[in-house]
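We did not get these values from a lab; they are worked out from the coordinates using the rules stated. Nothing here was measured: the structure is a model prediction, and the numbers come from that model. Here the Cβ positions follow ideal geometry from the backbone for every residue, glycine too, while neighbour counts run over all protein chains shown.
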Amino acid sequence: MKKSLLILMLLSAISAFGQDWAKARVDKSPCHREWVNLKSGSRTVSAFVVYPEVKTKAPAVVVIHEIFGMTDWVQLLADEVAEAGYIAIAPDLLSGMGPFADSNAVGKAIRDLPPDQITADLNAAADYVSKLPAANGKVAVAGFCWGGSQSFRFATNRPTLAAAFVFYGTGPDSVDSIKAPVYGFYAGNDARVDATIPKTQEMMRAANKTYDVVTYEGAGHGFMRAGEAPDASPENKKARDEAWVRWKKLLRKL
């Protein structure tokens, strides 16, 4: 591995885990937030729930974390969803596992999660949030990085989803069972993921499914997180801001 690539990977990991700025913003939020325990078969899944300050019952969004796990930024993202007017629930898909020595250990643990367990945990989160007294029953899913791929896959397993928002994640092997519209948010400088988009578009088109893709030029993978960090590049910040405008507009259609 080239030294420059190794340095970039280390900086990315440091950026993802060094999130005091995200925690500080969550701590100042006026939105009510709480941790709940969900039953998922024999598992107990810990989930972070944030409520919007609204007068009427609200739709809900299941937030799926990155390959880095349940970080402070994931909690901030959930809080921002609530600030926009929606109930957010972010399940910790590594619940009951760990502790982990470092980011590599977290990534390996997430990589090895059984797909059926992921689906069951996400269903537990969606079932819980849909039945809250403050919820109107509509549930969408949004995922980032690894979670972006999982949000797309969850749409194949839960036909009642109102929408799936895929942030720089790859598509599933089959799309025939998808009922919800899928909206993709991709980075222009992310060839690993972007190279998979044409095949997914072809599959979705052939199956007569909605798959609306926007690519943010100049941005890198993870721009929703990197774009609001104190050291955000202009390209990532611009992509993050533009993606939020689009996402909020789509959320209003729920």
* Just list whichever of Lys57/Lys248; Lys179/Lys238; Lys138/Lys248; Lys57/Lys253 have alpha carbons separated by over 26 Å in the model shown. => Lys179/Lys238
* Taking a ≥ b ≥ c as the square roots of the eigenvalues of the Cα gyration tensor of segment 87-227, is the shape rounded (a/c under 1.5), prolate (a/b larger than b/c) or oblate? -> oblate
* Asked: Going by the alpha-carbon gyration tensor, a ≥ b ≥ c the square roots of its eigenvalues, is segment 174-254 rounded (a/c under 1.5) or, if a/c is not under 1.5, prolate (a/b greater than b/c) versus oblate?
  -> oblate
* Given H placed on each backbone N at 1.01 Å, which residues far from Lys138 in sequence or on other chains put an amide H within less than 5 Å of it? -> Ala60
* Structure fact -> If amide H atoms are modeled at 1.01 Å from N in the peptide plane, then the residues at a separation of 5 or more from Ile64, or on another chain, having amide H under 5 Å from its own are Ala142, Gly143, Phe144
* To do: Once you have a ≥ b ≥ c as the square roots of the Cα gyration tensor eigenvalues for segment 36-110, tell me rounded if a/c is under 1.5, and otherwise prolate or oblate according to whether a/b is larger than b/c.
  => oblate
* Asked: Taking springs between alpha-carbon atoms closer than 10 angstrom, which of Gly137, Gly147, Gly69 fluctuates most in the Gaussian network model of the chain?
  -> Gly137
* **Low-density loop positions, chymotrypsin sites (Phe, Trp or Tyr not before Pro), segment 97-152 - DSSP coil, at most 16 other Cβ in 10 Å** => Phe100
* Structure fact -> Per the helix-only model, the chain has a calculated mean residue ellipticity at 222 nm (DSSP H runs of ≥4, -39500 (n - 2.57) each, divided over all residues, rounded to the nearest 500) of -13000 deg cm²/dmol
* Mean separation of Cα contacts under 8 Å, 6 or more apart, over the residue count of the chain: relative contact order % -> 14
* **DSSP loop trypsin sites (Lys or Arg not before Pro) with at most 15 other Cβ within 10 Å excluded, longest remaining stretch of the chain** => 58-130
* To do: Any aspartates and glutamates with Cα under 18 Å of the Lys108 Cα? List them, leaving off those in the same chain fewer than 8 positions away.
  => Glu66, Asp92, Asp116
* Asked: Which entry in (1) 17.2, 55; (2) 16.7, 49; (3) 18.1, 62 matches Rg and Dmax of the Cα atoms in Å derived from the coordinates of this structure?
  -> (1)
* Which percent, nearest 5, of DSSP beta bridges in the chain are antiparallel? -> 35
* Can you tell me the relative contact order of segment 119-187? Whole percent, Cα pairs under 8 Å, sequence separation 6 or more. => 28
